Amino acid sequence: MKLRELDGWPPQSSGIHPGSYVVPKIEQAMLKGVVGTHRNWVTFVCSFEGTDHTYDFEAPDKGDALRIEKILKNNIGKSILEIGEIQFLLIESKGIGLLQ
């Protein structure tokens with residue numbers, strides 16, 4: 001399965017933004033960094049037109065969140081669209097599944 005096939009991928013940008021805020025398309029949002037994980041949530045930051053945008057993704061479980069965090073850290077500088085094409089093996093509660 002590809003990362004983009006997970007429920008909720010890609011996440012929407014979150015946070016408070018000015019009235020002139022433009023939501024970047026998935027091909028425009030470039031991964032800048034990973035904030036980290038908390039339980040089954042992964043938080044990361046993308047950049048678009050000089051503005052940072054925070055994203056929160058709810059993974060199926062904590063193990064998947066940790067694997068997604070690793071995928072993101074290995075793909076800094078790529079768009080959310082590109083990252084969505086990465087193969088991801090979803091194995092619930094087995095603690096394995098990273099392909100890239």
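Any read-out appearing in this document is the output of simple, stated calculations on the displayed coordinates, not a laboratory observation. Only a predicted model underlies this, so the values are computations on that prediction, with no experimental measurement involved. Cβ sites come from the backbone with ideal geometry, for glycine too, and all protein chains shown count toward neighbours.
Normalising by the residue count of the stretch 3-84, find the relative contact order in percent from Cα pairs under 8 Å and 6+ residues apart.
Computed value for the stretch 3-84: 36 percent relative contact order.
Can you sort Ile76, Ile71 by how many other beta carbons sit within 10 Å, fewest first?
Ile76, Ile71
Could you put Met1, Met30 in order, starting from the residue whose Cβ has the fewest other Cβ atoms within 10 Å?
The most exposed by this proxy come first: Met1, Met30.
Under 5 Å between amide hydrogens, which residues at least 5 positions from Val35 or on another chain qualify, with H placed 1.01 Å from N in the peptide plane?
Under 5 Å from the amide H of Val35: Thr43, Phe44, Val45.
When N is the residue count of the stretch 3-84, what does its C-alpha Rg come to as a fraction of 2.2 N^0.38 Å?
Computed over Cα atoms of the stretch 3-84, the ratio equals 1.02.
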